[in-house]
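The values are calculated or read from the model by the stated rules, or taken from the named source; none is laboratory data. This is a predicted model, so every value here is computed, not measured. When we count neighbours, we look across all protein chains shown, and the Cβ atoms used for this are built from the backbone with ideal geometry, even at glycine. What goes into the accessible areas is simple: the full protein's heavy atoms, side chains included, and nothing from ligands, DNA or RNA. Shrake-Rupley method; radii C 1.70, N 1.55, O 1.52, S 1.80 Å.
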Amino acid sequence: MEFPIALMLVQDGITNGAIYALLALALVLVFAVTRVIFIPQGEFVAYGALTLAMLQAGTVPTTLWLLVGLGVAVTAVDGVPALRAGRPGRLLGVAGWNLAYPLGLAALLSILPLQSLPQLAQVALALAIVVPMGPQMYRLVYQPIASAPILILLIVSVAAHLTMVGMGLLFFGAEGQRTPAFSDAVLDLGPLMVPGQTLVIVAVSLTLIVALFQFFERTLYGKALRATAMNRVGARLMGISPSLAGKLTFFLAAFIGALSGVLIAPITTVYYDTGFLIALKGFVAAIIGGLGSYPLAALGALLVGQLESFSSFWASAYKEVIVFTLIIPVLLWRSLNSRHVEEEE
Amino acid sequence: MNAKLSPRLVLGAFLALLAAAPLFLSPFSVTLLNYIGLYAMVSLGLVLLTGVGGLTSFGQAAFVGLGAYTTAALTTMTSLPGWLAWIGASPWLTLLAGLLLTAAVALLLGSLTLRLSGHFLPLGTMAWGISLYFLFGTSESLGGHSGLTGIPPISLFGIVLDTGEKIFYLIWAFLLAAVLTTQNLLDSREGRAIRALKGGIVMAEAMGVNTSRSRMVIFLIAALHACASGWLYAHMQRFVNPTPFGLNIGIEYLFMAVIGGAGHVWGALVGAGVITLLKQWLQDILPKLLGQAGNFEVIVFGLMMILVLQRARGGLWPLLRRLVPVRVDNKHIDESAEALPRRTPPKAGELILEARKVTRKFGGLVANNNMSLEVKAGEILALIGPNGAGKSTMFNQLSGVDTPTSGEVLFMGQPVAGKDSRDIARMGMSRTFQHVKLLPTMSVLENVAIGAHLRGDKGVLSSAWRLDRAEEARLLKEAARQIERVGLGEFMHAEAGSLALGQQRILEIARALCADPCLLLLDEPAAGLRHKEKQALGDLLRKLRGEGLATLIVEHDMDFVMNLVDRVVVMEFGQKIAEGLPDEIQKDPAVLEAYLGGVE
């Protein structure tokens, strides 16, 4: 292999690895705080990318109706007990977030000239549609069974994943989409031509990782999440509501997912079911970190990115097989380093 | 008169209907039934794995594919090397080859993930499922995405099973054999070990069950069922392509098990039936309703799963059972069964357990400091002390759950450190737990029988084919004997979870006795017992002492301890502050100070 090709592959690997790192961090976070293995993470990637594509095509994204639907469901689930308990204030809050917000967004989208908006505004709108589905999903799917065994939560995750893929097909059709790059600039580094999009991806990923770090270190809510991850019961006794922690975590995960989708849409064609494979690579990375360590997960993500990029050069047909079988030596290593069979909680 | 139906009658009626089905159903319906049979076989494996064992796999479709592709490749390829080609001569040989290959893969995957916490197995199987699917799709020699055609039909006793009506009987014979053997397995010594996996691992290990092995066994069985289903599928369809072996289908199998009722063998059949028929109907109606083509039934299945898991985790089977009043028979206890052999009891006064200068530090905290004690055959020793004195830590050192920082614990002259709970159980130490650990949905009899695990040796295959009945009768008789002995006879067939806490503690003692121990470690046995029950427990322990058993009790109840035991060791702040006869201890100034506080 010639050196410039190798450099290109490395660069490709870093670009994808950065995305996998973001997803892996979100997966570790969700698992730590809620014990949910968040399989539907990938659907947020696809929803983010395809919602942006629809906005850029000038149509009101069909995902908006899902947001409205979920909003109605959450309002029903939370609003009725609030009403019965004679807390109209709470009902108002629930309805505000879950009914007024989606409908307001719908009104806004029908007025705005979507196609001619600046790209950043389109991205913001796409995120505004997709991200709130995260906490809504937590409320409807996971919160009722928050204390169930991990296994049940995992099966529910898989069910939610399938549902979202099916709905993705309904919303976006079977056609793939690719969005225009955020930047056409090319950075010329001797033998290496770095496209602007790569820089955007790496920069955004790094910024987000630093921002998350700051969030967990500096803010009260970040500390609350960390406390919940460490000791759920203890955190609850200290007044941290588990459902708030859950919703907040899912908000972050949905944000990271949708943003990843927006970032990769210009470099790869995204189909309604692409997200799963992307997120699964994030999973491989997270498992490298034992679903517990953020730095190891991020390192794992870079490794997965490199492996994928080099195997697509040497054995492109077997690219996915190679990436997913990487999990086997990782599990072996984890297994050899683990002690006894633990009692399930 | 009992108005309920006998289980045999219901099963017989079902079999008769099934046997007659091809005579009056349309070929299309028979094909549907064939699919239901094939799917049910896979989801049956998942019932065992998920519903019973608390593990799960998303890669079952890949095991089905392994079975299907193995037979397809071996029976259709012309360019196989000589050492392989002979297998392709008969589908029955390729079934064997497929099963062997599947067992190898399952063993590998299992050994990688089963030592880790429960969620790594499903994640590993997910990756494995996807990888195999891509491999089938990209491998030229396996026909890529168009697959392999021209697979010969199976022949059985000269009959060529080349139509749906003919293979129908083979498929359902396989399924019924699988259901019955699974049912048999669950109702056996190995089955109790498997049922203990969900929520009873620490207890089961202490009773001598190798739980890692049990996990592996059910994962293997599930994989082999899937493989056999794939073999039948390939010879029914006569061609294979990768589509039915993808991850989504693997997930669908899990849905079948969960929706049907993952805790019951027949739930697999119900789930497979419901999902197959529903899928047929939804694939018809949804595209018309939504105006576009696609697999929209997954939306319905996904939502259904979420609802089932939120609202009715037992699935459909328990609901169905309420509709058909089938009698549930109590387990039969054969009084004529031969008694189990017993270990040679140690001579009275022989040293059984000895702790020598045991110190256990957790960081800077010294939980046990220089603790020494002895228990001899035919005596009861009490370990007492105020809260936080370090009794539980000491108990863990003695039972081998934890390893001392320094000093050693000898049981029957051998060091306990470094041995796992199973070895220690085998040496003759049996224990109860401070927080009762039993399997609430199993009967008292079955719970107690777990204690006798090490006194039987019949394995999975003999259990599945009922070759273990003589031994099983002996085990159950022993369990029943111990239950009568501790005075729980009237609750023999009740669910263990329905007993009062005090009775559950007594159950644990019966379970420990079932192991025929020479040392009994009891962690607060009298807690939660009423006065009469305490008296009965005291009488029992005195009787056991008379038989030469050594007993160590950690206890709070002073009246109970002082009237029962031979010697007392008192701990405070991790150290022994007194040791002696109950009367001496009650007058000991250090003990009085520890319990009542000093005189100001």
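Computed quantities for the displayed model
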item: Residues satisfying the stated conditions in the stretch B:486-506, i.e. under 18 Å from B:I333 (Cα atoms) and in contact with a Leu (Cβ under 7 Å, 6 or more places away or on another chain); result: B:V486, B:L488, B:F491, B:M492, B:H493, B:A496
item: Every residue from the stretch A:126-151 that is open to solvent by less than 20 Å² (accessible area, probe 1.4 Å), more than 7 Å from chain B (Cβ to nearest Cβ) and not in a loop (DSSP other than H, G, I, E, B); result: A:A126, A:I129, A:V130, A:M133, A:G134, A:Q136, A:M137, A:Y138, A:Y142
item: Search result, residues across the stretch B:248-267 that are open to solvent by 10 Å² or more (accessible area, probe 1.4 Å), farther than 10 Å from B:G315 by Cβ and within 10 Å of chain A (Cβ to nearest Cβ); result: B:N248, B:E252
item: Residue pairs meeting the criteria (Cβ under 6 Å; at least 6 apart or on separate chains; first within 18 Å of B:A272 (Cβ to Cβ), in the stretch B:290-305; second open to solvent by 70 Å² or more (accessible area, probe 1.4 Å)); result: B:E297/B:Q283
item: Filter pass, B:D539 being out of contact with any Ser or Thr (no Cβ under 6 Å at 6 or more places or on another chain) and open to solvent by 20 Å² or more (accessible area, probe 1.4 Å); result: yes
item: B:G54 being of a type in the set (G, A, S) and either in contact with a strand residue (DSSP E or B) (Cβ under 9 Å, 6 or more places away or on another chain) or outside any helix (DSSP H, G or I) (or both); result: yes
item: Complete set of residues in the stretch A:152-171 that are open to solvent by 30 Å² or more (accessible area, probe 1.4 Å) and farther than 26 Å from A:D78 by Cα; result: A:L170, A:F171
item: Criterion: closer than 16 Å to B:A72 by Cα and within 14 Å of chain A (Cβ to nearest Cβ) - qualifying residue of B:P287, B:P242; result: B:P242
item: Qualifying residue in the stretch B:140-155 (condition: away from chain A (no Cβ under 14 Å), assigned to a helix (DSSP H, G or I) and on the phi < 0 side of the Ramachandran plot); result: yes
item: Residue check for A:A121: of a type in the set (G, A, S), open to solvent by 10 Å² or more (accessible area, probe 1.4 Å), modelled with pLDDT of 85 or more and not in a loop (DSSP other than H, G, I, E, B); result: yes
item: Spans of helices (runs of 4 or more DSSP H) in the stretch A:278-345 with at least 2 residues open to solvent by 20 Å² or more (accessible area, probe 1.4 Å), within 13 Å of chain B (Cβ to nearest Cβ) and modelled with pLDDT under 80; result: A:319-325, A:327-337
item: Sole exception among (1) under 30 Å from B:S26 (Cα atoms); (2) at pLDDT 85 or above for B:F134, by number; result: (1)
item: Some residue of the stretch A:260-273 being away from chain B (no Cβ under 14 Å), open to solvent by 20 Å² or more (accessible area, probe 1.4 Å) and assigned to a helix (DSSP H, G or I); result: no
item: Residue within the stretch B:227-239 that is in contact with a strand residue (DSSP E or B) (Cβ under 8 Å, 6 or more places away or on another chain), modelled with pLDDT under 90 and either open to solvent by 20 Å² or more (accessible area, probe 1.4 Å) or under 27 Å from B:I167 (Cα atoms) (or both) present; result: yes
item: Residues (small (G, A, S) and in a helix (DSSP H, G or I)) located in the stretch A:229-259; result: A:A229, A:G234, A:A235, A:S243, A:A245, A:G246, A:A253, A:A254, A:G257, A:A258
item: Top-ranked residue of the stretch B:180-215 - restricted to ones that are in a helix (DSSP H, G or I), among the hydrophobic types (A, V, I, L, M, F, W, C) and buried (at least 19 other Cβ atoms within 10 Å of the Cβ), ranked as nearest to the chain's Cα centre (by Cα); result: B:I194
item: Any chance B:L340 is in a loop (DSSP other than H, G, I, E, B), at pLDDT below 90 and more than 14 Å from chain A (Cβ to nearest Cβ); result: yes
item: Filtered residue count, the stretch B:109-137, keeping only those that are of a type in the set (S, T, Y) and within 8 Å of chain A (Cβ to nearest Cβ); result: 4
item: Matching option when the condition is within 14 Å of chain B (Cβ to nearest Cβ) and free of Cβ contacts under 8 Å to residues at least 60 places away in the same chain, among A:G69, A:G93, A:G86; result: A:G69
item: B:M562 being of a type in the set (A, V, I, L, M) and within 19 Å of B:F395 (Cα to Cα); result: no
item: Filter pass, B:A85 being over 24 Å from A:I155 (Cβ atoms), assigned to a helix (DSSP H, G or I) and under 21 Å from the mean Cα position of the chain (by Cα); result: no
item: Positions within the stretch B:156-174 being in contact (Cβ under 8 Å) with a residue 12 or more places away in the chain and in a strand (DSSP E or B), in sequence order; result: B:L156, B:L161
item: Test: residue in the stretch B:307-322 that is polar (S, T, N, Q), modelled with pLDDT of 85 or more and surrounded by fewer than 21 Cβ atoms within 10 Å (Cβ to Cβ); result: yes
item: Pairs, first at negative phi and not assigned by TED's automatic domain parsing to the domain that holds B:K477 in the stretch B:342-369, second of a type in the set (D, E, K, R) and open to solvent by less than 30 Å² (accessible area, probe 1.4 Å), C-beta under 7 Å, six or more apart; result: B:R342/B:D516; B:R343/B:D516
item: The stretch B:568-600, residues that are assigned to a loop (DSSP other than H, G, I, E, B) and of a type in the set (D, E); result: B:D588, B:E600
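Residues checked against (1) away from chain A (no Cβ under 14 Å); (2) modelled with pLDDT of 90 or more:
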site: B:P386; (1), (2): yes, no
site: B:M394; (1), (2): yes, yes
site: B:G400; (1), (2): no, no
site: B:S406; (1), (2): yes, yes
site: B:F411; (1), (2): yes, yes
site: B:E446; (1), (2): yes, yes
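Residues are listed down the side, and each one gets a yes or a no for (1) open to solvent by 10 Å² or more (accessible area, probe 1.4 Å); (2) assigned by TED's automatic domain parsing to the domain that holds B:I218; (3) closer than 30 Å to B:R327 by Cβ:
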site	(1), (2), (3)
B:S6	yes, no, yes
B:L9	yes, no, yes
B:A13	yes, no, yes
B:L18	yes, no, yes
B:L23	yes, no, no
B:Y35	yes, yes, no
B:Y39	yes, yes, yes
B:L44	no, yes, yes
B:V47	no, yes, yes
